[in-house]
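Reviewing the structure listed below.
The values are calculated or read from the model by the stated rules, or taken from the named source; none is laboratory data. In this text, all values refer to a predicted model and were calculated from it rather than measured experimentally. Positions of Cβ are generated from backbone atoms using ideal geometry, with glycine treated the same way; all protein chains shown enter the neighbour counts. The area values use the complete protein model at the heavy-atom level, side chains included, leaving out ligands, DNA and RNA. Shrake-Rupley method; radii C 1.70, N 1.55, O 1.52, S 1.80 Å.
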Amino acid sequence: MARLDLSQKLAILSDAARYDASCASSGTTRRDSRDGKGLGSTEGSGICHAYAPDGRCISLLKILMTNFCIYDCAYCINRVSSNVQRARFSVDEVVQLTIEFYRRNYIEGLFLSSGIIQSPDKTMEDMLRIAKRLREVENFRGYIHLKTIPDAAPELIEQAGLYADRLSINVELPTDNSVKAYAPEKNPATIRRAMGDVKARKDIAAERSFSGKRGKRFVPAGQSTQMIVGADGSTDATILAQSTQLYGDYKLKRVYYSAFSPIPDATAKLPLIKPPLAREHRLYQADWLLRFYGFGVDEITAARPDGNLDLEVDPKLAWALQNRALFPVDVNKASKDMLLRIPGFGTRTVGRILSTRRHRSLRYDDLLRMGASLKKAQAFITAHDWSPGGLTDSADLRARFAPPPEQMSLF
Amino acid sequence: MYTVPLPRIGTDIAWRDAAKRLIGAGVSPDEVLWNFDTEMDTLFATATPLPPISRRIKAPQSFVEMANWVVWHKDPQRFARLYALLWRLRHQPGLMQDRADPDLAKLRQMEKGVHRCKHKMKAFVRFRDLRQGGERRSFAAWFEPTHHTIEPTAPFFARRFADMDWMIATPDVTAQFVDGNLSFHPGQPKPDLPEDATEALWGTYFCNIFNPARLKVSAMTSEMPKKYWKNLPEAQHIQGLIAGAEAKVQEMRDTAPTVPPERAAKIQRQLRGDPSTED
Ligand code: SF4
């Protein structure tokens, strides 16, 4: 095999990394390099330095250390049975790419994952060498996200947490049975144990000892995971129930949903469908409602008998259409919880309503200026000068929001 | 009538100082003309000296913070609008909480515009290596912001890139960071920066992290509007990626599943701990 140059390796190993949805660089500790002895800063919210034509944010240098892998996960381009071209970065190459990209303001930092080579421990050790070099030799203070190898020794994962802002382990598929079917070498119980270890270790770091000192900072931006959507037969209700459990049990910062997308050299086991992007989008919206709007999984997935989300209207609107008896809601009197359930009102709009209505009674135009989407909300609210009349219960209300059926054409 | 000249560098401090004096002396908004960087015809610029700082008027902290952003907006009316709101605040102290007041809403919208511009500058500035040798490395960039945003944004770059020297040139104002000191200078036309080989690697990354099966051009352009493309080295690849996406996906679909490479079976047997395969 001809030796690959740096550019060829970068092409192969970023191509292999693009199926990981996360590119977040937010929510870590504040750091800077004002002392002149290091490079980089993190200031709360992350920065998207570019957008690819798939509309996704490019915040981190997201690469695999190597795409050699001894496992055979059916959905993955790197599985041992695929004929994809293989490559491997040296420690030095990853460090130099990260630093040189960072200095030119292309990225916020590094998201490093890897195929499994030789053994899980060996793979994790090599990844740690990269993180350690960045932090201790280059004095890099930007963002580092490491994808941990679930079967690696707990000490290695613990060390990773000292260098990284975020750790992630992908649960990959929504149910244990699907994992067994499509990722035969992976063990869902081991994945959960690794997440539990990280959570426990993070809890310890957050506690103050008797002297009042905190432990060493440990994954300040927390852990996240990813589930592939549409490769197996799981319903949205199953997926969201799994997410709720993950958020609860391991205090995950994010669960990412990744629409199963065609890969080069696919296996015959999985059909090459068009990635279900609309479904992925609805899942993110539902996930948001679960975490910030006080909805329960059952409420969100009750709208349809098959346990899937409505693809035509967003989940909050779908819920409101199903529960019209609760509407219209008076924006000048309703509780915060109820305001949050109004379609077209975001958390910010609700905050503004609450602070302004202390001083005066709100009108339709006021809501517009506060950023509410009244096209959606108007059927569900009353205001000082607004009442929806029969709109709330009108039979064609849903049709106003759902896209018109596609025109049929003769062929 | 007062005409207040406001400089291009240090606009925020100059506006605040003038507003303090005028409001303290009870000068109403229609008696003030704000003249940014002598944009106005100097014919009207009768230099009435500003009133001295007499009594201190209290303004809500939220107003002060908002004003610190709005002064960098490109709208020539920004100073007058700010002063008019400050004037109203004297008798309507709760005004800042009224998120639906049209005057305040307009200023909040301008504030948001400056925030967004600052955010885009943090994201889209692209440095080139000047390869000058010496102890500290040096980099330079050319950027064209929508508003006058370089001054409030430069400290971000100073916190982040403190171990190197850098310059960000804009048509308006140039920020320079040398040996740990940040300074501002008059703007300039686009400088001739040396080629930087790392841009090609960045282009390679941009092309390969893109997933052609998920093409969604509008989502990209809403966050990375075309007006920024000319100064983004990766943007030269966008048209080609979009044009080739469909064919790439089709190719994946058309390729029949291949036979696994020979080593696959061997590795898998080893993984399962089958002793007969040890060689
Ligand atoms: S372990 Fe599975 S998902 Fe991870 S790189 Fe290997 S084949 Fe892909």
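Given R₀ = 60 Å, what would the calculated FRET efficiency be for A:Leu162 paired with B:Met1, taking r from the Cβ atoms and rounding to 0.05?
Numbers: r = 64 Å, r/R0 = 1.07.
For R0 = 60 Å, the calculated efficiency reads 0.40.
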Amide H contacts of A:Leu362 (H built 1.01 Å from N, under 5 Å, at least 5 apart or other chain) = A:His384
Dipole magnitude (debye, nearest 20) for chain A, charges at Cβ of Lys, Arg, Asp, Glu = 1400
No other cysteine beta carbon under 4.7 Å away is the test; run it over chain A and list who passes.
-> A:Cys23, A:Cys69
Toy charge model, Lys and Arg Cβ at +1, Asp and Glu Cβ at -1: region A:6-226 dipole around Cα centroid in debye, rounded to 20, equals 540
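Within the accessible area of the protein assembly as shown, what % is carbon and sulfur when the probe is 1.4 Å and the other protein chains stay in place? Don't jump to the answer; show the numbers that get you there.
Working: 16350 of 31200 Å².
Roughly 52 percent of what the probe reaches on the protein assembly as shown is carbon or sulfur.
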Taking the dipole of the protein assembly as shown about the Cα centre (Lys, Arg +1; Asp, Glu -1; charges at Cβ), the one of A:Gly196, A:Ala334, B:Leu201 that reaches farthest to the positive side is A:Ala334
When the charge dipole of region B:197-279 is computed with +1 on Lys and Arg Cβ and -1 on Asp and Glu Cβ about the Cα centre, the Cα farthest towards its positive end, among B:Gln250, B:Tyr228, B:Gln268, belongs to B:Tyr228
Per DSSP, loop trypsin sites (Lys or Arg not before Pro) in region B:70-168 with at most 12 further Cβ within 10 Å = B:Arg131
Using θ = phi - 60° and the Karplus curve 6.51 cos²θ - 1.76 cosθ + 1.60, what whole-Hz ³J(HN,Hα) does each residue of region B:74-86 get, with Gly and Pro shown as x?
-> 7, 4, x, 7, 4, 5, 5, 5, 4, 5, 5, 5, 4
Inter-probe distance in nm under a simple model that places probes 7 Å from Cα toward Cβ, at B:His119 and A:Arg358 | 2.6
When the Cα centres of region A:233-310 and region B:177-227 are compared, how far apart do they sit, in Å?
-> 33
Under 27 Å from B:Lys226, Cα to Cα: lysines that are on another chain or at least 8 residues apart = A:Lys62, B:Lys74, B:Lys106, B:Lys112, B:Lys118, B:Lys120, B:Lys122, B:Lys190, B:Lys216, B:Lys248
If every Lys and Arg gets +1 and every Asp and Glu gets -1 at its Cβ, then about the Cα centre the protein assembly as shown yields a dipole, in debye to the nearest 20, of 1820
Sorted by chain and number, the residues with a modelled amide H under 5 Å from that of B:Thr3, at a separation of 5 or more or across chains, are B:Leu33, B:Thr48
Per residue of B:262-268, other chain Cβ atoms within 10 Å number on average 4
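Highest first, please rank the peptides B:54-62, A:299-307 by the mean number of other Cβ atoms sitting within 10 Å of their residues.
Values: B:54-62: 11.7, A:299-307: 15.7.
Sorting B:54-62, A:299-307 by mean packing, highest first, produces A:299-307, B:54-62.
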Between A:Leu311 and A:Phe292, how many nm apart are label points set 7 Å from Cα along the C-beta direction?
-> 2.6
Report the label-to-label distance for B:Gln236 and A:Arg3 in nanometres (one decimal), using points 7 Å from each Cα along the Cα→Cβ vector.
-> 2.8
Could you compute the FRET efficiency for A:Asn139 and B:Lys190, with r as their C-beta to C-beta distance and R0 at 41 Å, rounded to 0.05?
-> 0.80
How do the peptides A:92-105, A:163-176 rank, highest first, by the average count of neighbouring beta carbon atoms within 10 Å per residue?
-> A:163-176, A:92-105
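Using a probe radius of 1.4 Å on heavy atoms only, what accessible surface per residue do you get for chain A? Whole Å² is fine.
Values: 17180 Å² over 411 residues.
Ligands and nucleic acids excluded, the figure is 42 Å² per residue.
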Taking every pair of alpha-carbon atoms in chain A, what share in percent sits in each 20 Å bin, from 0 to the bin with the longest distance?
-> 23, 50, 25, 2
Taking every residue of A:267-274, the Cβ atoms of other protein chains inside 10 Å of its Cβ average out to 3
Mind listing the phi-derived Karplus ³J(HN,Hα) values for region B:221-228, rounded to whole Hz, using 6.51, -1.76 and 1.60 with θ = phi - 60°, and x for any glycine or proline?
-> 6, 6, 9, 10, x, 4, 4, 8
Out of B:Pro51, B:Val64, B:Thr3 - ranked by how far each Cα lies towards the positive end of the dipole of region B:2-119, with unit charges on the beta-carbon of charged residues - the top one is B:Val64
List the accessible area buried at the contact between B and A, summed over both sides and calculated with a 1.4 Å probe, in Å² to the nearest 100.
-> 6100
Average partner chain C-beta neighbours within 10 Å, per residue of B:160-170?
-> 5
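So if we plug the beta-carbon distance of A:Gln322 and A:Glu43 into 1/(1 + (r/R0)^6) with R0 = 45 Å, what FRET efficiency do we get, rounded to 0.05? Please report the intermediate quantities before stating the final value.
Working: r = 42 Å, r/R0 = 0.93.
According to the calculation, E is roughly 0.60.
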